[in-house]
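**Student:** Have a look at the structure that comes next, please.
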Amino acid sequence: MARFPVHPDEVTADWLSDTLGVCVSDVRWEPIGTGQVGDSVRFHLEGEGAPATLAGKFPAADDNSRGTAAMFGLYAKEVAFYRQAAPLLDVRVPQVQFANASEDGSEFILLFEDLGPARQGDQIKGCDIADACAAMRQAAAIHAPSWERDEIIEAAWIQPPEDLGAKVGAMYPQAQASFRERYAGTLEPEYMAVCDQLAEATEVYYRRDQEVQCLVHGDFRLDNMLFDIRGGMEPIAVLDWQTVTVGKAMTDVGYFLGCGIGQLGLDHEEELVELYLAEMAQRGVTLSREAIERDYRRGILHGVSTAVFSAAFVERTARGDENFLSMARGACALALKHDSIGVLREE
């Protein structure tokens with residue numbers, strides 16, 4: 001059994017007093033966010049010296065979502081990110097008050113500053129170009145500080161298992177069969193064809209011979225962002241680091257522009273890519289549009305893969321269906337524009 005709270009009900013005034021080093025006389029909580037792999041809440045505290053509110057994140061109540069997270073080590077990875085990597089990056093994340101995970105990775109807690117009042121990013125509703133630009137600046141704030149930095153990209157906690165690619169590649173066709181069965185009557189046939197084509201190329205797509213450049217968020221989209229945080233005092237914060245990994249920067253960029261913002265990404269693609277490159281250059285990493293093109297085309301497919309896997313292996317909800325279809329449409333549309341499947345056929 002974990003020696004720390006793994007459900008909001010287990011977070012008591014006494015535990016908070018000991019953890020925060022202040023006197024907490026009372027605490028209550030309410031759910032926040034739309035996550036399906038972990039459950040997030042807002043704590044309201046009373047007591048001299050205690051913050052008025054804190055945010056907390058716990059294992060998903062749904063058995064399927066929780067099992068998927070444990071199988072891929074998502075909870076332990078997010079805890080390790082906040083402990084070890086976040087202080088070395090420029091990306092705006094919540095300041096952590098307490099973070100721990102069980103040895104088997106099935107239970108965890110994150111207790112951090114409440115960034116509200118803020119505007120929750122919404123995958124389904126989309127965003128405007130100002131929000132998209134803020135997100136691209138944050139992508140550079142992840143990638144540039146970790147670029148070829150051994151203490152980050154070679155850290156033991158972030159290394160994927162040697163057989164992860166093979167395992168995930170073997171699972172994708174099964175996930176795609178489920179995705180097709182569920183959404184064949186809803187997702188446009190040309191987009192479903194991209195999902196099918198990726199299933200046929202999993203051996204190439206998931207093999208582990210790709211160059212490692214930097215830290216990669218792995219799920220860089222609107223649902224994992226807060227805008228106008230702290231009542232508009234700051235533009236954005238990036239949340240949900242369960243899928244953080246090492247790899248190529250264009251995994252996040254291609255993912256965000258396709259899967260993350262859909263039509264806005266198509267309409268403002270060059271503007272947003274150029275902004276990202278300029279931000280990287282200001283942070284000391286100079287990349288040309290030509291040099292990133294192949295990685296960018298390949299990175300777009302991460303959105304296809306994530307939409308399919310998410311639909312297959314987390315709790316099914318009405319919002320989830322709408323969300324995964326939004327992700328798939330955006331990723332597949334951008335993949336078709338750039339012939340992303342063609343990159344795999346050339347490898």
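**Student:** Order of 13-22, 134-143, 181-190 by packing, highest average Cβ count within 10 Å first?
**Tutor:** Packing order, densest peptide first, comes out as 134-143, 13-22, 181-190.
**Student:** Quick one: compute a quarter of the convex hull surface over the Cα atoms of region 4-149 and quote it in nm².
**Tutor:** Dividing the Cα hull surface by four gives the mean projection, 10.1 nm².
**Student:** What FRET efficiency comes out for the pair Asp267/Gln210, r = Cβ-Cβ distance, R0 = 35 Å, nearest 0.05?
**Tutor:** 0.75
**Student:** Still on this structure: Can you find, among Ile109, Ala333, Ile261, the residue farthest towards the positive end of the dipole of the chain? Put +1 on the C-beta of Lys and Arg, -1 on that of Asp and Glu.
**Tutor:** Going by the charge dipole, the pick is Ala333.
**Student:** Magnitude of the Cβ-charge dipole of the chain, K/R +1 and D/E -1, about the Cα centre, nearest 20 debye? All intermediate terms of the calculation are to be shown ahead of the outcome.
**Tutor:** On the way: 30 positive and 56 negative charges, 57 e Å.
Taking the Cα centre of the chain as origin, the dipole is about 280 debye.
**Student:** Return the sequence-ordered ³J(HN,Hα) values of region 309-319 in whole Hz as given by the Karplus equation 6.51 cos²θ - 1.76 cosθ + 1.60 applied to θ = phi - 60°, using x for Gly and Pro.
**Tutor:** Whole-Hz 3J(HN,Hα) from phi for region 309-319: 5, 4, 4, 7, 10, 10, 3, 8, 9, 5, 5.
**Student:** Mind checking the full-extension length gain between Ala170 and Gln282? Use 0.36 nm per residue of separation minus the Cα-Cα distance, one decimal, nm.
**Tutor:** Result: 36.3 nm gained on full extension.
**Student:** What are the lysines whose alpha-carbon lies under 19 Å from the alpha-carbon of Lys248, with same-chain residues fewer than 8 places away excluded?
**Tutor:** Lys248 reaches Lys77.
**Student:** Does region 153-283 come out rounded, prolate or oblate, given a ≥ b ≥ c as the square roots of the eigenvalues of its C-alpha gyration tensor, rounded meaning a/c under 1.5 and, failing that, prolate meaning a/b above b/c?
**Tutor:** oblate
**Student:** So what is the relative contact order for the chain, in percent, with contacts set as C-alpha pairs under 8 Å and at least six apart? Don't skip to the end; give the middle numbers.
**Tutor:** On the way: 644 pairs, mean separation 61.9, N = 347.
Dividing the mean separation by the residue count of the chain yields 18 percent.
**Student:** May I ask you to work out the translational diffusion coefficient for the chain at 20 °C, viscosity 1.002 mPa s, via Stokes-Einstein with Rh from the Kirkwood sum over Cα pairs, reported in whole µm²/s?
**Tutor:** On the way: Rh = 20.6 Å.
Translational diffusion coefficient: 104 µm²/s.
**Student:** So, one more: Hey, can you grab everything whose amide H is under 5 Å from the amide H of Leu239? Only 5+ residues off in sequence or another chain; H modelled, so Pro and N-termini drop out.
**Tutor:** Met225, Leu226
**Student:** Residue by residue, what Karplus-based ³J(HN,Hα) values in Hz, rounded to whole numbers, does region 250-261 have, using 6.51, -1.76 and 1.60 with θ = phi - 60° and x for Gly and Pro?
**Tutor:** Values, residue by residue: 5, 4, 6, 5, x, 4, 5, 5, x, 4, x, 10 Hz.
**Student:** Gain in length, Val22 to Met233, computed as 0.36 nm per residue apart minus the alpha-carbon separation, to one decimal in nm?
**Tutor:** 73.3 nm
**Student:** Can I ask one more? What residues qualify as long-range amide H neighbours of Thr53, i.e. H under 5 Å apart, gap of 5 or more or another chain, H built at 1.01 Å from N?
**Tutor:** Leu45
**Student:** Could you pull out every residue, at least 5 positions away or on a different chain, whose amide H is within less than 5 Å of the one on Trp29? Hs are placed 1.01 Å off N in the peptide plane, and Pro or chain starts have none.
**Tutor:** Sorted by chain and number, the residues that satisfy this are His44.
**Student:** Straight-line reach from Lys125: which aspartates and glutamates fall under 15 Å, measuring Cα to Cα and dropping same-chain residues less than 8 apart?
**Tutor:** Asp223, Asp321, Glu322
**Student:** Could you give me the ³J(HN,Hα) list for region 87-99, computed from phi with Karplus coefficients 6.51, -1.76, 1.60 and θ = phi - 60°, whole Hz, x at Gly and Pro?
**Tutor:** x, 9, 10, 9, 5, 7, 10, x, 6, 8, 9, 7, 8
Each value in this text was obtained by applying a stated rule to the coordinates, not by laboratory testing. Everything quoted here is computed from the prediction, not taken from an experiment. With ideal geometry, Cβ positions are generated from the backbone for all residues, glycine too; neighbour counts draw on all protein chains shown.
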